[in-house]
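Data block below; observations after.
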Amino acid sequence: MRLKRLTLAVALTAMWLSASAQQPTTLRLTLEEAQRYAVEHNASMQNADLEVKKAEADRWKTLSSMLPSVKAGYDYQNMCGYKMEMHMGPTSINIPMDPTGNLSVTASMAVNGAMIVATMMQNIAIEMSDITRRQTEQTTRSNVKNVYVSILVMERTVGLLDSSLANMERLAETSQESVNVGAAEQVDADKLQVQVASLRSSINSTRRSLQALRNTMLLQLGAEVDAQLELTTAMEDILNVEDAARLLGKGFDITKNYNYQLLEQSEKLAKKQVTLAWMDFSPTLSAYYQYSKKFHYGETGMDMTPPNMVGASISVPLLTTGTRVAGVKSAKIAYEESVNSRKQAEDGLKVQYNQLSYDLATALETYDIQSRNLELTQRVFTNVTEKYRYGRASSLEVTTASTDIITAQSNYIQAVMNVVSAQIALENLLNN
């Protein structure tokens, strides 16, 4: 009996553990938590971090080429019992060739101007990788905010449509009851039923779009694809019209823009390329130290190799049929192109700032208009439905009012998204 109870308990525990393991993870995230989660788990961010580490490793690789290198070797020789014969008149001498071993340790280094300049260029490459990493973080945070707001807006849309559907269903029922008692025409009730079906279709389509946005958010976060999302920041806490308006008067410091910073570093890199081309004319200095020790595995042996040896050399390039001169000229041209590209991009960023400021100002004005329009259409819809209940409005007026409020809701939602998108775009440009 006890064995049966124990077996049953084990089976129930296993079933509970299996069910727990199959339950998807639930992520309850504020906007800030979602952005932080994406920065920590997003694949693009992880790759950007790796690029910085890769650039640092490349710099150490270049530095190590200028540091002394040490190598050791051991050479063993065995003549297999051979004896060297030396004839001196009538006599001859056999000299055994005993096994020998030779230990050598060599330290050497070489430095030229190209190596030094290459190290400086690696420092610029590290800075560029770090700027790219910060830009990727900015983009990741912006994408998360954009999708986060889109989900909240879509949820708000579903709520508004559900409210409209509930009102239309009540009107449709009232209209059908009026038809049943002979107080209204069947065609009026049918029109309202068609409107109800249209609303249900819109709600279903919106719910599918909402699920697609949630899947997009999971990809942005780098979370499990079957995780459940609960977004805890309200849309009103994100959509701050006053903050967006203050952004218009902030001014544009172009040196804070990541794209401009990358162009500046690219220009520095091109300038170093000119210096690197000149370094082809510089000499190469090298030095070495060698220690040798010979071992004799026998009774005889002779060692003529000095145990310590140092040396130094300098090599100067003389004639390469104009290759180095052409390389310097090409590097200078590339540097001039880089300067022109930066200046052109600077003008383009200023124009972009003006355009994004106009876009945000327009979005704020449209949002204000659509907010008031939504409030007005809601009052009109409420008024028409009340009149319809008492027979003072037609079904056509109800249908028109219903269509108007759905259009107003759609316009309001679009206005909200336009404000958020314009604000994010301007914040990214300003690196705010």
Give the accessible surface of the chain per residue, rounded to a whole number of Å², with probe radius 1.4 Å and ligands, DNA and RNA excluded. 61
If Lys and Arg each add +1 and Asp and Glu each add -1, what is the summed charge of the other residues whose beta carbon sits under 14 Å from the beta carbon of residue 121? +1
Of the options 308, 286, 358, report the single residue whose Cα projects farthest towards the positive end of the charge dipole of the stretch 286-375 (beta-carbon charges: Lys, Arg +1; Asp, Glu -1). 308
Which labelled figure in (1) 4, 21, 28, 24, 15, 6, 2, 0; (2) 4, 12, 14, 14, 12, 11, 10, 8, 6, 4, 3, 2, 1, 0, 0, 0; (3) 5, 24, 33, 26, 11, 2, 0 is P(r) over Cα pairs in 10 Å bins from 0, in percent, once derived from the coordinates: (2)
Normalised by the number of residues in the stretch 51-210, what is the relative contact order in percent for Cα pairs under 8 Å and 6+ residues apart? 21
Taking the alpha-carbon distance from residue 83 and a cut-off under 24 Å, which lysines remain once sequence neighbours fewer than 8 residues away in the same chain are dropped? 293, 294
When the chain is treated as a GNM, springs tying every alpha-carbon pair under 10 Å, which of 237, 58, 130 comes out with the largest mean-square fluctuation? 237
Could I have the simple spin-label model distance between residue 382 and residue 36, label points 7 Å from Cα toward Cβ, reported in nm to one decimal? 4.1
Using alpha-carbon coordinates, inclination of helix 186-221 to the longest axis of the chain, degrees: 20
Scalar couplings 3J(HN,Hα) for the stretch 42-56 by Karplus 6.51 cos²θ - 1.76 cosθ + 1.60 (θ = phi - 60°), nearest whole Hz, x for Gly and Pro, are 5, 5, 5, 5, 4, 5, 5, 4, 5, 5, 5, 5, 5, 5, 5
Cα-Cα over 28 Å: which of 54/350; 268/350; 54/256; 54/268? 54/350
Ignoring everything except DSSP H segments at least 4 long, calculate the 222 nm mean residue ellipticity for the chain; use -39,500 (n - 2.57) per segment, divide by total residues, nearest 500. -24500 deg cm²/dmol
Starting from the stretch 264-313, pick out the GluC sites (Glu not before Pro) whose DSSP state is loop and whose Cβ has at most 11 other Cβ atoms within 10 Å. 299
In the neighborhood of residue 202, defined by Cβ-to-Cβ distances under 13 Å, what is the net charge if each Lys or Arg adds +1 and each Asp or Glu adds -1? +2
With charges only on Cβ, +1 for K and R and -1 for D and E, what is the dipole size of the chain about its Cα centre, in debye, rounded to 20? 940
Would you mind checking the tilt of helix 31-41 against the longest principal axis of the Cα atoms of the chain, expressed as 0 to 90 degrees and rounded to 10? 30
Which of the lysines could a cross-linker span from residue 145 if the Cα-Cα distance has to be under 19 Å and same-chain partners fewer than 8 positions apart are dropped? none
For every other residue with a beta carbon closer than 14 angstrom to the beta carbon of residue 334, add +1 if it is Lys or Arg and -1 if Asp or Glu, then tell me the sum. +3
Hey, any idea what % of the chain's accessible area is carbon plus sulfur with a 1.4 Å probe? 55
Per 0.36 nm of contour for each residue apart, how much would the distance between residue 240 and residue 174 grow if the chain were fully extended, relative to their Cα-Cα spacing? 19.6 nm
Compute the label zone of residue 325 within the stretch 252-281: residues whose backbone N is under 18 Å from the point 7 Å along Cα-to-Cβ. 277-281
I want to verify a result. In a Gaussian network model of the chain, Cα cutoff 10 Å, which of these has the top mean-square fluctuation: 403, 382, 323? 323
Per DSSP, the loop-located chymotrypsin sites (Phe, Trp or Tyr not before Pro) within the stretch 348-421 having at most 12 other beta carbons within 10 Å are 390
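The values are calculated or read from the model by the stated rules, or taken from the named source; none is laboratory data. All values derive from a computational prediction rather than experimental measurement. Cβ coordinates were reconstructed from backbone atoms using ideal geometry, including for glycine residues, and neighbour counts include every protein chain displayed. Quick note on the areas: whole protein, heavy atoms, side chains included, nothing else; ligands and nucleic acids left out. Shrake-Rupley method; radii C 1.70, N 1.55, O 1.52, S 1.80 Å.
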